[in-house]
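Novice: Please see the structure below; I have some questions.
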Amino acid sequence: MTATLVRRALYEEVAERLRQRIFARELAPGEWIDELKIADELGISRTPLREALKVLATEGLVTMKLRRGAYVAEASPKDLADVYHLLSLLETDAARTVARQASDADLAELQALHHELEAAVDDTARFFALNEAFHLRLLELADNRWRLQLVQDLRKAMKLHRQHSLHKHGRPRAALREHRALLAALCARDPERADACMRAHFESGLRAAA
């Protein structure tokens, strides 16, 4: 049992390292994944690497091609639009729930995250991380683990494009304005306005990512 647990932990660690390389564009969309080279770089055998690639394939980050190996996934404009559509549905519903049910302490926590986001507007990497943290914390406060799991999976696919969109001129500051409006709606405990603000936020995000 111990060996099994160790092996499982190793392939999960490898999956996370490859996931971050993909998000950072060190492994670009459409690029063939050289298993021998990566196994050598990581100092591992190909067995945990192949298990890690299977995990990434289930997340939509890697495509396995018969007799050709693994490739970093390429998402079409339709794929991206579909991901944003589903995220918008799930997160607008979460925003409505938080506007109705959040405690003062919950809203204060979201405000604190937003203040950090404001301070990071000129640091793209930190801004990206804090933006995701804000969204995921809102989902946690909405208290539906199935919705949270779905969003986490969808956000992995979105990251193939999302970080690039934040580099576009003006997008971080536009995203901040959208967050301010959303936070104001949440603090006013206005579910309809929170829904509209979150929906508009995703519509703007999709336009920037396209």
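The values are calculated or read from the model by the stated rules, or taken from the named source; none is laboratory data. As the structure is a computational prediction, the values presented were derived from the model and not from experiment. Cβ coordinates were reconstructed from backbone atoms using ideal geometry, including for glycine residues, and neighbour counts include every protein chain displayed. Just so you know, the surface numbers come from the protein's heavy atoms only, side chains and all, with ligands and any DNA or RNA stripped out. Shrake-Rupley method; radii C 1.70, N 1.55, O 1.52, S 1.80 Å.
Novice: Convert each backbone phi in the stretch 106-123 into a coupling constant with the Karplus relation 6.51 cos²θ - 1.76 cosθ + 1.60 (shift: θ = phi - 60°), then list the ³J(HN,Hα) values in order as whole Hz, x for Gly and Pro.
Specialist: 4, 5, 5, 5, 5, 4, 5, 4, 5, 4, 5, 4, 4, 6, 9, 4, 9, 10
Novice: Using modelled amide H (1.01 Å from N, peptide plane; none on Pro or chain starts), what sits under 5 Å from the amide H of GLY69, excluding residues fewer than 5 places away?
Specialist: none
Novice: Which ³J(HN,Hα) values, rounded to whole Hz and listed in residue order, are derived for the stretch 179-196 from phi using the Karplus coefficients 6.51, -1.76 and 1.60 in 6.51 cos²θ - 1.76 cosθ + 1.60 with θ = phi - 60°, glycine and proline given as x?
Specialist: For the stretch 179-196, the Karplus-derived couplings read 5, 4, 5, 5, 4, 4, 5, 5, 5, 7, 6, 10, x, 5, 5, 4, 4, 4 Hz, x marking Gly and Pro.
Novice: Extending each Cα 7 Å along its Cβ direction at ASP122 and SER103, get the distance between those two points in nm, one decimal.
Specialist: 3.8 nm
Novice: Just subtract the alpha-carbon distance of GLN149 and THR47 from 0.36 nm times their residue separation and send over the number in nm, one decimal. If you can, show how the numbers build up before the last one.
Specialist: Working: separation 102, 0.36 × 102 = 36.72 nm, distance 2.72 nm.
Net length gain for the segment: 34.0 nm.
Novice: For the stretch 31-93, which whole percent of the accessible surface, found with a 1.4 angstrom probe, sits on carbon and sulfur atoms?
Specialist: 55 percent
Novice: Here is a further query. Testing the spin-label approximation: label points 7 Å from Cα along Cα→Cβ at ALA133 and ASP79. State their distance in nm.
Specialist: For ALA133 paired with ASP79, the spin-label model returns 3.0 nm.
Novice: Spelling out what I want: for every residue of the stretch 36-52, take phi, set θ = phi - 60°, compute 6.51 cos²θ - 1.76 cosθ + 1.60 (Karplus), and round to whole Hz; glycine and proline get x.
Specialist: 5, 5, 5, 4, 5, 4, 8, x, 10, 7, 6, 5, x, 5, 5, 5, 5
Novice: Hey, can you find the accessible area per residue of the stretch 1-107 for me, probe 1.4 Å, expressed in square angstrom?
Specialist: It amounts to 59 Å² per residue over the stretch 1-107.
Novice: Moving on. Sticking with the crude label model, points 7 Å out along Cα→Cβ, report the distance from THR58 to TYR71 in nm, one decimal please.
Specialist: Each label point lies 7 Å from its Cα, and together they span 2.4 nm.
Novice: In addition: Given a Förster radius of 22 Å and the C-beta distance between ALA112 and ARG177 as r, what FRET efficiency does 1/(1 + (r/R0)^6) yield to the nearest 0.05? Don't skip to the end; give the middle numbers.
Specialist: Values: r = 19 Å, r/R0 = 0.85.
Efficiency for this residue pair is about 0.70.
Novice: Work out the FRET efficiency for ALA188 and LEU89 from their Cβ-Cβ distance, taking R0 = 22 Å, and round it to the nearest 0.05. Show your work: numbers first, answer last.
Specialist: Details: r = 23 Å, r/R0 = 1.03.
That pair, ALA188 with LEU89, gives E of 0.45.
Novice: Using only C-alpha positions, report the orientation-averaged shadow area of the convex hull of the stretch 77-146, nm², one decimal. Present the calculation step by step, with values, prior to reporting the outcome.
Specialist: Numbers: hull surface 21.9 nm².
Quarter of the Cα hull surface area: 5.5 nm².
Novice: What are the residues whose amide H is under 5 Å from the amide H of VAL62, where those residues sit 5 or more places off or on another chain and H is modelled from the backbone?
Specialist: ALA57, ALA73
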